Amino acid sequence: MSFERELIEQRREKLRRIEALGYPAYPHRFDSTHTVEQIVAAYASTSAEELAQSKPAVRVCGRLTALRGHGKAGFADLSQSGCRLQVYVRKDAVGDRAFELYQLLDLGDCAGVEGYLFRTKTGELSVHVTDLSLLAKAMLPMPEKWHGLQDVEARYRQRYLDLLANAEVSQTFRTRSKLVRALRAAMDRRGYIEVETPMMQPLAGGAAARPFRTHHNALDIDLYLRIAPELYLKRLVVGGLDRVYEINRNFRNEGISTQHNPEFTMLEFYQAYSDYRDLMDLTEQLIPEVAFEAAGTATATFGELTIDLTRFARYSLREAICEFWPEAASRPRVEDFADPPRAAAVIETWNRLHPGQERLPAPAESASAPGGASLGATVVALFEAVCERKLIQPTIIYDFPVELSPLAKSKDGEPGWVERFELYIAGMEVANAYSELNDPEEQRRRFEMQAALRERGDVEAHAMDEDYIRALCYGMPPTAGEGIGVDRLAMLLTNSRSIRDVILFPLLRPEKSPGTTEE
RNA sequence: GGGCCGGUAGCUCAGUCGGUAGAGCAUCUGCCUUUUAAGCAGAGGGUCCCGGGUUCGAGUCCCGGCCGGCUCACCA
């Protein structure tokens, strides 16, 4: 018999003995007068003398996270929702039967106690127990109490243990929850209505990404898990819902990294009669507002970095490349991105400055040149190489190439560029927004451009969506829309370097054979 | 997919030059009625990730694989 089996068998035996004492093994409920948190908060400053006099009666329950035996007495820590309360059990106070039960308890068991509050010699607020019950037995041993659960894989696969053993993990997810609530409240306050749009879509649109595919049996059709809710939310704007938002999952069938999980949570919102400038202003309000509400501060500590979420820089994408260019002598100018030959010269200079690294591609002379990257794509690639990891403090980067933004409205007088911005914090893209393209004819041309890319093998190029164009044909008011990556914002607010640390159950390869209690 | 790192008791980790598998916590037994990483005395507990190979001998060296982490690429 393996050691683990032996441990389980020991605990089965204890459970049998507990039942033999007349205690139910798995009682149905427990009436408490307080939560641990309430007791700790209410009596934090009550003196030992006052407690000795009033002997406040409490019934409280939680999980046993420490047991310190002393012969015919013992101390235990009862933990509930991240709060800890010491209980003191002595044989002459609880009686023989309950004390026998106490001796059969293990670390990790759920228990309830009844008694009165007092302070120990060392001044610790504790429950002097007069009665005790087992609420559920832990059949498997808890992780080590001092170091917690360190094995990264086990932490993700058995998140419940991670939450039990590592208090800061529990705190991270409480902060995340507050963040989602704060975002929702912020949108509600501003008059947006929350909606839910399809997660299963016949066409996966609204972003450039590879989708997951699934199948509906009764209709016998293939469907895609959504990569973005965008096209549905804009249909709602056409329908007169001038301010809508959705907080929900997107699914992208792509690589996994510290910043990418195949399913991730986005806040996406649309507002009629506005453009991207309005959303820049809104974003600058929203981020510090929700940070303060969720984390209690608008100053984020992220690894070595200290980030002030109240101050935002703004650069156009072209300005940013010039601004963050590493060498003064070869610094390009904004006009250098106006046509492929000049942009090619800038990229050539960059490649020359970075001989060891992979070369950035030069733009093709025309958009239809086979195999060549578009001017827009190469400028964005250059931006990412030059700037992205340097954008530590909150920075809005605006005006993107039209080739990469098939759903965004062009800038007046500059048809090659669209009214779009992205927000970068700590080198991560946190938000993406634009003035929505609402001209159905132009939208059709953009989709056709995408279809051409698709024919050349770009699996992420946007699919033609006739139904969406039909919706635009009924007239969509001028509208601005934005998506905010909730996971990445949660990372910033909880000092989590990996997106997996803010997702309760990140996607992992399935375990071959999880250990269970079968024999 | 490439590079680097890791996988040893339920948990956290050591393991030297290739020579009988170790500690702490947890568990079990005994003692202990104000402790708090409680304490004291004793005991049990191992597919050293898997499969090959080298060797008299492999946790250790070599090859292949599995799983995970970081990183680069990919991913607006």
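Annotations for the structure displayed:
- Highest-first packing order for the peptide set A:490-502, A:330-342 is A:490-502, A:330-342, based on the mean count of other beta carbon atoms within 10 Å.
- Residue by residue, segment A:132-142 carries 3J(HN,Hα) couplings of 9, 9, 7, 9, 6, 9, 8, 7, 10, x, 6 Hz when phi is fed to the Karplus relation 6.51 cos²θ - 1.76 cosθ + 1.60 (θ = phi - 60°); x denotes Gly or Pro.
- Taking only the C-alpha atoms of segment A:181-306, the Rg (one decimal) and the largest Cα-Cα distance, Dmax (whole number), read 16.9, 54 Å.
- Taking the longest Cα principal axis of chain A as reference, the axis of helix A:340-353 is set at about 50 degrees.
- Residue-span extension gain [A:Phe292 to A:Arg509] - 0.36 nm each, minus C-alpha spacing: 74.5 nm
- Estimated Rh, segment A:1-115: Kirkwood, alpha-carbon pairs, angstrom: 15.6
- Cα-based shape type of segment A:52-99, given that a ≥ b ≥ c are square roots of the gyration tensor eigenvalues and the cut on a/c is 1.5: oblate
- Extension gain for A:Asn217-A:Arg456 works out to 82.8 nm (0.36 nm per residue, less the C-alpha to C-alpha distance).
- Net charge over other residues, Cβ less than 10 angstrom from the Cβ of A:Phe505 (K, R count +1; D, E count -1): +2
- Segment A:221-264: C-alpha gyration tensor shape, a/c 1.5 cut-off, then a/b vs b/c: oblate
- By the Cα gyration tensor, segment A:254-317 has an equivalent ellipsoid whose semi-axes, rounded to whole angstrom, run 22, 20, 14 from largest to smallest.
- All C-alpha to C-alpha distances of chain A, sorted into 10 Å bins beginning at zero, yield P(r) values of 3, 15, 21, 20, 15, 11, 9, 5, 1, 0 percent in whole numbers.
- For segment A:63-162, a Kirkwood radius taken over Cα pairs fed into Stokes-Einstein (4 °C, viscosity 1.567 mPa s) yields D = 90 µm²/s.
- For A:Glu436, the shell of other residues with beta-carbons less than 13 Å away shows a net charge of -4, using +1 for Lys and Arg and -1 for Asp and Glu.
- Virtual spin-label span in nm between A:Thr301 and A:Ala25, 7 Å along Cα→Cβ: 4.7
- Stretching the chain fully between A:Glu37 and A:Asp96 yields a gain of 18.3 nm (0.36 nm per residue, less the alpha carbon separation).
- Evaluating kT/(6 pi eta Rh) at 20 °C and 1.002 mPa s, with the Kirkwood radius of segment A:449-491 over Cα pairs in the Stokes-Einstein relation, gives 159 µm² s⁻¹.
- Net charge of Cβ neighbours under 14 Å - reference A:Leu353; Lys, Arg +1; Asp, Glu -1: 0
- Using the Cβ-Cβ distance between A:Thr130 and A:Ser330 with R0 = 56 Å, the FRET efficiency computed as 1/(1 + (r/R0)^6) comes to roughly 0.10.
- Largest first, the extents of the alpha carbon coordinates of segment A:362-481 on the three principal axes equal 42, 36, 28 Å.
- Range of Cα positions in segment A:1-44 per principal axis (Å), largest first: 48, 25, 15
- Here r is the Cβ-Cβ distance between A:Glu144 and A:Glu441 and R0 is 51 Å; the resulting FRET efficiency, rounded to 0.05, is 0.20.
- Heavy-atom accessible surface of chain A: percent carbon and sulfur, 1.4 Å: 51
- Degrees, to the nearest 10: A:276-295 long Cα axis against longest axis of chain A: 10
- Debye intensity ratio I(q)/I(0), log10, segment A:134-196, q values 0.24 Å⁻¹ (C-alpha model): -0.99
- With protein chains left intact and a 1.4 Å probe, residues in chain A average 50 Å² of accessible area per residue.
- Spatially proximal lysines relative to A:Lys55 (Cα-Cα < 23 Å; intrachain offsets below 8 disregarded): A:Lys72, A:Lys91, A:Lys121
- Förster radius 41 Å - calculated FRET efficiency between A:Gln86 and A:Gln393 (Cβ-Cβ, nearest 0.05): 0.40
- Each label was represented as a point 7 Å from its Cα along the Cα-to-Cβ direction; for A:Met200 and A:Asp278 these points are 3.6 nm apart.
The values are calculated or read from the model by the stated rules, or taken from the named source; none is laboratory data. Quick caveat, the model's predicted, so the values are computed rather than measured. Methodologically, a virtual Cβ is constructed for each residue, glycine included, from the backbone with ideal geometry; neighbour enumeration extends over all protein chains shown. Accessible surface is based on the protein model in full, side chains and every heavy atom, while ligands, DNA and RNA are left aside. Shrake-Rupley method; radii C 1.70, N 1.55, O 1.52, S 1.80 Å.
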